[in-house]
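Just below is one structure, and these are the notes that go with it.
Rule-based calculations on the coordinates, nothing more; no lab input. Computed from a prediction, not measured in an experiment: that's the story for all the values here. When we count neighbours, we look across all protein chains shown, and the Cβ atoms used for this are built from the backbone with ideal geometry, even at glycine.
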Amino acid sequence: MKFHVLTLFPEMVLQGLAPSIIGRAVEKNMISLDAVNIRDYSKDKHGKVDDYPYGGGAGMLMQAQPVYDAYRAVAGDRRVRTIYLTPQGKPFTQKMAKEFAGEEELIFLCGHYEGIDERVLEEIVTDYVSVGDYVLTGGELPAMVMVDAIARLVPGVLGNETSAEEESFYNDLLEYPQYSRPEVWKGKAVPKVLLSGNHSKVNEWRLEQSKLRTRKMRPDLYARYEEKQKLIKRLAKDKRNNIHMIESLRRGFGEMIYAEGGNVLVYDNAEKVCMILAKNSPGGKKLIEQAPEDTDLLLVSQEFVKDDLPEHEWSLLMTCHQYLYTQRETLPVRYKEIRRLTMEQFDYVCSHYEHDDSSYLEERIRSGFLYGAFDGEKIVGFAGMHGEGSMGLLYVDEAYRRRGIAESLEAYVVNRMLERGWTPYGHVIEGNEISEHLQEKLGFYKAGRKVWWLKKQEKQEN
Ligand code: 9D3
């Protein structure tokens with residue numbers, strides 16, 4: 001991912017980020033960061049970039065021309081998402097960070113003085129963003145804040161372990177208190193439960209602490225958390241059929257967009273998937289209207305929803321049976337050489353798994369959710385988890401089939417999910433009896449109803 005910052009203080013941005021994890025990611029070429037000095041594009045011999053505002057008033061404004069030329073030097077003739085940092089912008093949130101992290105390239109425009117000539121803003125800016133309701137002296141610190149928050153979401157920047165872990169249960173709650181050695185400090189002892197070695201008791205205590213803190217410090221977040229828990233409880237009354245929505249919400253991937261009277265819409269921002277559960281046909285239609293503009297995929301739980309969709313807008317990708325694993329015990333893994341994949345195996349995965357977008361497979365590897373079976377150094381198969389949470393991405397080399405490698409791979413993935421406290425589930429394409437067999441052999445339950453995957457049709461350009 002590429003970040004460009006248009007600013008009068010390029011060294012502030014570059015030096016500010018250089019010593020951090022973000023600076024290290026730049027050094028390792030995982031992201032790129034450059035700062036463009038707007039003053040370099042002044043046509044004035046003294047490098048002047050400001051002038052008085054028409055109509056009068058205090059202070060100076062940045063002129064349109066140097067800002068525009070600096071922008072063109074970066075963007076050329078392309079249209080690049082351009083964020084103007086301004087106190088009048090939309091308050092920056094984690095959700096916006098996730099959305100921007102999906103872009104290939106971003107330009108940040110930092111204002112100084114009292115602002116920038118409106119005409120150039122109209123010409124180049126796509127997003128107006130503020131970092132909060134307080135007054136700073138310029139947009140550089142806000143740009144650095146945004147680069148930091150967005151770059152750490154780029155797979156690989158933080159390292160595999162941390163990235164996925166963080167999007168777990170506690171997502172909607174504030175962090176619980178933490179303690180390190182010594183056991184007693186200034187007469188204060190570490191809470192006993194943390195020394196007990198009882199993992200489930202520790203988790204219970206942490207969740208309780210998180211809830212208490214959130215209720216006290218952020219009643220707004222707490223209200224949302226409770227609402228979501230209520231929905232999860234409701235969906236759990238039909239767990240087999242609703243497992244995809246339950247897990248998406250529980251794991252913190254999905255957000256609850258709409259939930260009323262048996263009509264539920266859960267949206268996964270990262271994969272741009274809308275999961276839809278409707279009571280009846282009008283309910284389904286109403287839900288589709290609520291779907292975010294940029295939705296790429298629909299996962300619907302009733303045939304009438306599928307049948308109501310206009311064919312020129314949505315095409316059926318596949319009909320699947322949903323399978324879930326409700327036991328808590330891990331599964332035996334007979335094939336021993338299974339480990340997490342790295343980008344070294346990217347080419348192998350691409351050439352053996354049919355997907356129209358190889359960047360999806362790269363993202364799956366970098367996020368740490370693809371695992372491979374090896375014969376020595378040679379990869380002979382793989383399996384993993386899709387972005388929205390279902391298990392899949394299974395492949396085993398022709399020459400290595402019929403030895404239980406697929407079963408071992410799936411069992412391995414199940415175990416990794418159980419470690420995280422998740423309920424493993426997957427989608428088997430209707431008619432794939434071999435796969436259905438495997439799911440049943442592993443102890444998965446089949447849901448009573450099918451699910452339908454639909455893909456948004458490319459708009460016809462005229
Ligand atoms: C007379 C009006 N000015 C003072 C209230 C407006 C003004 C212009 C530019 C105030 C501050 C700034 C500089 N700040 C930013 O460029 C900025 C900012 C901020 O000050 N707070 C929160 N987020 C942001 S993003 C950019």
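Along its three principal directions, the equivalent ellipsoid of the stretch 220-324 from the Cα gyration tensor extends over semi-axes of 22, 15, 14 Å, largest first. Counting only Cβ charges, +1 for Lys and Arg and -1 for Asp and Glu, the dipole size of the stretch 220-324 around its Cα centre is about 720 debye.
Which one, GLY159, PHE108, GLY76, projects farthest toward the positive side of the charge dipole computed for the stretch 38-184 from Cβ point charges (K/R +1, D/E -1)? Value: GLY76.
So which lysines pass the test for LYS378, namely a Cα distance under 24 Å, with those fewer than 8 places away in the same chain ruled out? Those lysines meeting the cut-off are LYS336. Taking a quarter of the surface of the Cα convex hull of the stretch 175-229 gives a mean projected area of 4.6 nm². Suppose we keep just the DSSP beta bridges with both residues in the stretch 2-151; what percent of those would be antiparallel, to 5? Percent antiparallel among DSSP bridges in the stretch 2-151 is about 10.
Electrostatic bookkeeping for TYR323 treats Lys and Arg as +1 and Asp and Glu as -1; over the other residues with beta carbon under 12 Å from its beta carbon, the sum is +1. Across the options GLY132, HIS355, GLY89, the greatest Cα extent toward the positive end of the charge dipole of the chain (unit charges at beta carbon of Lys, Arg, Asp, Glu) belongs to GLY132.
The mean of 1/r over all pairs of different alpha-carbon atoms in the stretch 244-291, once inverted, gives a Kirkwood hydrodynamic radius of 10.6 Å.
Summary of the geometry: the stretch 25-64 and the stretch 290-347, compared by the centres of their Cα atoms, lie 46 Å apart. Pairs exceeding 25 Å between alpha-carbon atoms, taken from LYS45/LYS90; LYS228/LYS286; LYS2/LYS456: LYS45/LYS90; LYS2/LYS456. Counted by Cβ distance under 12 Å from LEU8, the other residues give a net charge of -2, where Lys and Arg count +1 and Asp and Glu count -1.
About its Cα centre, the dipole of the stretch 2-151 is roughly 300 debye, where the only charges are +1 on Lys and Arg Cβ and -1 on Asp and Glu Cβ.
Between TYR258 and HIS437, residue separation times 0.36 nm minus the direct Cα-Cα distance comes to 60.9 nm. Once you divide the Cα radius of gyration of the chain by 2.2 N^0.38 Å, the number left is 1.12.
Of the GluC sites (Glu not before Pro) in the stretch 300-408, the ones in a loop by DSSP (not H, G, I, E or B) with at most 14 other beta carbons within 10 Å are GLU311, GLU313, GLU329, GLU354, GLU377.
Within the stretch 66-161, the GluC sites (Glu not before Pro) that combine a DSSP coil assignment with at most 11 other C-beta atoms in a 10 angstrom radius are GLU104. In vacuo Debye scattering of the stretch 2-151, one point per C-alpha: log10 I(q)/I(0) at q = 0.18, 0.20 Å⁻¹? With one equal scatterer per Cα and no solvent, log10 I(q)/I(0) is -1.08, -1.33.
Per-residue ellipticity at 222 nm from helix content only, as computed over the chain with -39500 (n - 2.57) for each DSSP H run of at least four residues, stands at -10500 deg cm²/dmol.
For the stretch 72-111, the alpha-carbon radius of gyration amounts to 1.27 times the rule-of-thumb value 2.2 N^0.38 Å expected for a compact globular protein.
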